[in-house]
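K.L.:
Pasting in a structure now, in structure tokens, and then I'll have a few things to ask.
The values are calculated or read from the model by the stated rules, or taken from the named source; none is laboratory data. Because the structure is predicted, anything quoted here is derived from the model rather than measured. Neighbour counts run over all protein chains shown; Cβ positions are idealised from the backbone, glycine included. Heads up: the accessible areas ignore ligands, DNA and RNA and are worked out on the full protein's heavy atoms, side chains in. Shrake-Rupley method; radii C 1.70, N 1.55, O 1.52, S 1.80 Å.
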Amino acid sequence: ELRVAQVCYDELMRAELASARSGSAFDVGAWRTSRLEAAQRARELLCEAARDPGRAALLVLLDDNMHFRSMRKGAFHLARECGAAFVHVHVAAPLPLALARNAARAPVEQVPVHLLVEMVSTYEAAPSETQGWERPTITVHATADDEADAGWTALLDPAELVHAWRERQPAEVDPASECDVRDTSRQATLASVLHQLDIRSRQMVALSMEAASHLPAGEKRALAARLNEARKRLLARTHAPSADRLGDSAQGALGPEDAARLVADEEYAAFGYECRSFTSGAPEL
């Protein structure tokens, strides 16, 4: 027997944004709070299961895009912190299918096409020959025949997931070797992360302006100003994250370099949603 608990990041985010919304602007703080709440819920579920080993095994599903590897590594460390196994399930949906399903959503729930395309282009796949923490990776291919609103068990049998994990046990490695690319110093790592964020955020602004090319000149100037102000706030938050922020975002025992990458990736994802709220006029997801 296997118990299953699902933690849906989008549901928590919608609830948090609904309670914190002021006007139509996207609330970065509320978005961040929803991610911390998701991690905390998963932690509580796993810890409760560990305290009662006599019950049926518990499978906790963290339901989120997690298109950056740093986000998935945070989940890996959360599982390790709680003495649980970790499996990454990649549900691969072709872009045309994702676009079609997005178009079928209610207008307030649709994600702008340029943001969907950008997410696909920045997706960081697990290395095919990895032997480290990403070795327990399973790819499930979604098709047009799958029901868009079907539960995840329609695509993957829980028993199959457990079997796959057993077949893909990662080898024990020294913690120092777990980082994918470790710079010679923490300062060098942070500088690299911030440089990449600067480039990525500029590209996001450019994509948002391109999507708004149909607007009158005055509206485009106003949009450009809002996007650039949001970008400045993004870089300010990421240049000087607090110690608590680094610890919270790690979702577990992440090292300083991995924590810095996770903070930058989470802030960039939030920046994308904020840009969306400017271009679509609705922050809902």
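K.L.:
Of (1) loosely packed, with under 14 Cβ neighbours inside 10 Å; (2) closer than 27 Å to residue 227 by Cβ, residue 53 satisfies all except one. Which?
P.N.:
(2)
K.L.:
For the range 56-68, give me the residue count where each residue is open to solvent by 50 Å² or more (accessible area, probe 1.4 Å) and in contact with a Ser or Thr (Cβ under 7 Å, 6 or more places away or on another chain).
P.N.:
0
K.L.:
Filter the range 8-45 for residues that are polar (S, T, N, Q) and either open to solvent by 60 Å² or more (accessible area, probe 1.4 Å) or modelled with pLDDT under 85 (or both) and give the result.
P.N.:
Matches in the range 8-45: 19, 22, 24, 33, 40.
K.L.:
Could I ask something else about it? Take residue 5 and tell me if it is small (Gly, Ala, Ser), surrounded by fewer than 20 Cβ atoms within 10 Å (Cβ to Cβ) and part of a helix (DSSP H, G or I).
P.N.:
no
K.L.:
Same structure again: So which residues in the range 199-228 are among the aliphatic types (A, V, I, L, M) and under 12 Å from residue 278 (Cα atoms)?
P.N.:
205, 209, 211, 212, 222, 223, 224, 225, 227
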